[in-house]
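To start, the structure itself, in structure tokens.
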Amino acid sequence: MRVLLIGGGGREHAIGLSVVKAGGEIFTISPNRNPGLDRIAKRTILGDENDRDFVLRGAMKVKPDLVLIGPESPLASGVSDILIKNKFDVFAPSSEAARLETSKSFCRNFMTENRLDGNIEAGSFTDSREAERFIRQIDHDFVIKPDGLTGGKGVMVQGVHFNSRDDGVKIVRNYLKSKRDRVLVERKVVGEEFSLQAFVKGKKIYFLPIVQDYKRAYEGDIGPNTGGMGSICFSEKGLPFIEEGTLLKAKSILRQLVSKFSEIYAEYVGPIYGGFISTHDGPKLLEINARLGDPEAINVLSLMENSEMEVAVSMLHSSNPNLEFRNRVNVLRYVVPRGYGSDPSPSEIRIDEEGIMLRGLKLYFASVSRSGNVLKQTRSRSLALLSEGTDLEKATKRFDNIDSLIIGDYSMRNDIGSQGTMRKKKNFMRMIRAGKV
Ligand code: GLY
């Protein structure tokens, strides 16, 4: 089976490996030559993955049996639409369905209008005076979200990124004055976040094990938000600090949402990702992403016995895939350029790939170019290391002295999956449930 994969990051390397594992042939369209995908792809077409006509020409040449799209920006720019229109089998949402991600105010309004569970109070504004009036009259802390795509980096939280109401108003004004034409002001909710991903076709939804992404740039969960510094997954056991009832509720919220969306607007097809937070009042939906997460996809695809290709084909042809997951814990840590999250300074790093493999770590390439053992970084994430074990301790142990295998000027959060962070998360959720936070 010929699979055209759009995108060239760590998540796409994982999707590519998942396709190849099931005997599929991979063809990629991406702006960068991902060294991992390059190794397994029959052909890499370099160019703008958001340019509909360019991607259509590429697809016409490749003649794929299936198209998978990794990132959100090609969905927003109509790449899935043009491929669907030209009768390709695409396992990704249309731009209309992707509005659940590409416009946060659309998603909130949709939840409000349809009285969906898990919603958060919010106001959506294009006028800064109206936004200011709203902010002055609410009696709770709030979060400011630019309406469109931000790569996970534009959200400003009171008490974290700013303190006073006046500072919040200034941020809103600046967003509305610069390129952002709409902002959302949402009630701040407190708790532990988790990513619930699924494969969807209309009203059919198949859930993947939940993952937690460590979003903040620095150890101890401080510093700017990033696209994700790493992540943990306990397969179908779920995360130790998220109660089973909370997960069941989150699944019901996501199921309700896609089903209502397919009923009212258009059939939702492809991966979906609900960014949830477990609060004292049950799970709340922070955001929808119309794709798999990066890094979350890497954790989950590595544990999934099936290939994303098989699941996609089966769902596109209206049969029911039987998803199976290995019973393991996995921990992922991203190597990023120094300053990633604020002002990245890319440099060259060296990797001992054989040593990494002998250590039992899996390696996923992201935004780097390669010459021998030297990787040239960009301003984005460089490579992901994934470790698997029967428990968290075994999984994290493989990262000991990692700097002997990856040499150079880079950052990596060494606390991802550590016992210390687990204890903190469990205690935090205990306090939340007891109403002490
Ligand atoms: N890890 C967050 C995201 O993929 O949006």
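Each peptide in 236-247, 301-312 gets a packing score, the mean of other Cβ atoms within 10 Å over its residues, and the list from highest to lowest is 301-312, 236-247. On the basis of the beta-carbon distance and an R0 of 45 Å, ASP409 and ALA434 show a calculated FRET efficiency of 0.55. Run the paramagnetic zone check for ARG39: 7 angstrom along Cα to Cβ, then residues of region 386-405 with backbone nitrogen under 14 Å. Answer for this model: 386. Taking the Cα-to-Cβ direction at ILE264 and at GLU353 and moving 7 Å from each Cα, how far apart do the two end points lie in nm? Rounded to a tenth, the inter-label distance reads 4.9 nm. Set against the 2.2 N^0.38 Å expectation for a compact globular protein, region 308-427 has a Cα radius of gyration ratio of 1.27.
Relative to the present Cα-Cα distance, how much length would full extension add between ARG115 and LYS153 at 0.36 nm per residue of separation?
On the way: separation 38, 0.36 × 38 = 13.68 nm, distance 2.84 nm.
Stretched fully, the ARG115-LYS153 segment lengthens by 10.8 nm.
Among LYS203/LYS362; LYS85/LYS201; LYS203/LYS284; LYS21/LYS42; LYS145/LYS188, which pairs are too far apart, with a Cα-Cα distance over 23 Å? With Cα atoms farther than 23 Å apart: LYS203/LYS362.
Return one quarter of the surface area of the convex hull spanned by the alpha-carbon atoms of region 371-437, equal to its mean projected area, in nm². That works out to 6.8 nm², a quarter of the Cα hull's surface. Across the chain, how large is the tail of the calculated P(r) beyond 36 Å, expressed as a percent of all Cα pairs? The proportion of pairs with Cα distances above 36 Å equals 23 percent. The distance between label points at GLU305 and LEU248 comes to 2.5 nm (points 7 Å beyond Cα on the Cα→Cβ vector). Annotation for ASP400 and LYS426: the two label points, set 7 Å from Cα along the Cα-Cβ direction, are 2.2 nm apart. Using C-alpha pairs under 8 Å with a sequence gap of at least 6, the mean separation divided by the residue count of region 62-216 gives a relative contact order of 18 percent.
Please say if region 164-222 is rounded, prolate or oblate, where rounded means a/c under 1.5 for a ≥ b ≥ c the square roots of the C-alpha gyration tensor eigenvalues, and otherwise the choice is prolate for a/b larger than b/c and oblate otherwise? Oblate shape, in that a/c is at least 1.5 and b/c is the bigger or equal ratio.
Working ranking of peptides 139-151, 68-80 by packing, defined as the average number of other Cβ atoms within 10 Å per residue, highest first, is 68-80, 139-151. Between ASN327 and ASP281, the contour length at 0.36 nm per residue exceeds the Cα-Cα span by 13.5 nm.
Starting with the highest mean, order 259-270, 419-430 by the number of other Cβ atoms within 10 Å, averaged over the residues of each peptide. Show your work: numbers first, answer last.
Values: 259-270: 18.3, 419-430: 14.8.
Highest mean packing first, the order is 259-270, 419-430.
Sorted largest first, the spans of the alpha carbon positions of region 72-216 along the three principal axes are 51, 32, 31 Å. Backbone phi angles across region 283-299, fed through the Karplus curve with coefficients 6.51, -1.76 and 1.60 (θ = phi - 60°), yield HN-Hα couplings of x, 10, 8, 7, 6, 10, 10, 8, 5, 7, x, 10, x, 3, 4, 5, 4 Hz in residue order; Gly and Pro are listed as x.
Rounded to a whole number of µm²/s, how large is the Stokes-Einstein D of region 244-300 at 20 °C and 1.002 mPa s, given Rh as the Kirkwood radius over C-alpha pairs?
Values: Rh = 12.3 Å.
Once the numbers are plugged in, D ends up at 174 µm²/s.
Based only on the alpha carbon positions, what is the Kirkwood hydrodynamic radius of region 212-342, in angstrom?
Numbers: mean 1/r = 0.0603 Å⁻¹.
With all distinct Cα pairs of region 212-342 included, I get 16.6 Å.
Every read-out reported here was derived from the displayed coordinates using simple, explicitly stated rules and does not represent laboratory data. Everything numeric here is computed off the predicted structure, so don't read it as measured data. Here the Cβ is made from the backbone with ideal geometry for all residues, glycine too, and neighbour counts use every protein chain on show.
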